[in-house]
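The values are calculated or read from the model by the stated rules, or taken from the named source; none is laboratory data. Computed from a predicted structure; not experimentally measured. All accessible areas refer to the heavy atoms of the entire protein, side chains included, with ligands and DNA or RNA removed. Shrake-Rupley method; radii C 1.70, N 1.55, O 1.52, S 1.80 Å.
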Amino acid sequence: MFYLIMDLLGTVAFAISGVMVAMDKRLDLFGVFIVAFVTAVGGGTLRDLLIGNTPVVWMREYVYIFTIIITVILAILFREKLRYLRKSLFLFDTLGIGLYTMVGIEQGLQAQLFPIMCIALGTMTASFGGVIRDILCNEIPVIFRKEIYATACVVGGTSYFLLRNLSIPDQYVYVIAILIVVGIRLTAVKYKIALPNIYRST
């Protein structure tokens, strides 16, 4: 149940971020739904295909489709209120990567993968939906820029495996790891911390 709640919260967060990007690009209703949908399930779809978990989870569990539809409708109806939230797109996207990192790691553990593979799976789960969203909306994906994005997922995933060695209940370890991902991303943006620039200044 805890795992399902995390997955659905991540779905909602990414669906909202997809709606807001699509509406900024002034897409029609169908376009808004498609962008929200691929943002919410893109990473999970790649994850399931990689580990052979087919049909992918959103095809087996209708709750994901209903959750996305309801989220899209509510996000459109209350879009003006969402816009009043400071940097709301960024906040929903950040929450999404934190939640989905741990969802991907959990799937990796169930598939009995090594920790490093679980972390890679979690990072892809968290990042790939946003990559598809940005490509569809004609933007360079955040993960390919110098911003701290996938790095936050890697650090959060690593901290999860380190914390598992301590006498801490699994639920708390999950939450702490999610907060680490979110905290790193927020801190990096607030203080303009970025990966090293490999290009010469012109």
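Computed over protein heavy atoms with a 1.4 Å probe, the accessible surface of segment 143-202 works out to 70 Å² per residue. In a fully extended conformation the segment linking ALA111 and PHE78 would gain 7.9 nm over its present Cα-Cα distance, using 0.36 nm per residue. Pull out a ≥ b ≥ c, the square roots of the eigenvalues of the alpha-carbon gyration tensor of segment 1-47, then state rounded if a/c is under 1.5, prolate if not and a/b is larger than b/c, and oblate in the remaining case. Cα axes put segment 1-47 in the prolate bin. Screening the chain for whole DSSP H helices with an alpha carbon extent of at least 27 angstrom along the helix axis and a mean Kyte-Doolittle hydropathy of at least -1.0 yields 2-24, 29-50, 88-110, 115-136, 170-190. Remark: segment 46-131 carries 53 Å² of accessible area per residue (probe radius 1.4 Å; ligands, DNA and RNA excluded). If you wrap the tightest convex hull around every Cα atom of the chain and split its volume per residue, you get 136 Å³. The fraction of accessible area contributed by carbon and sulfur in the chain is 68 percent, rounded to a whole number (1.4 Å probe; ligands and nucleic acids excluded). The gain in end-to-end length when the ARG26 to GLU61 segment is fully stretched comes to 9.5 nm, 0.36 nm per residue minus the alpha carbon separation.
Given 4 °C and 1.567 mPa s, compute D for segment 1-96 with the Stokes-Einstein relation, Rh being the Kirkwood radius over Cα pairs; round to the nearest whole µm²/s. Translational diffusion coefficient: 95 µm²/s.
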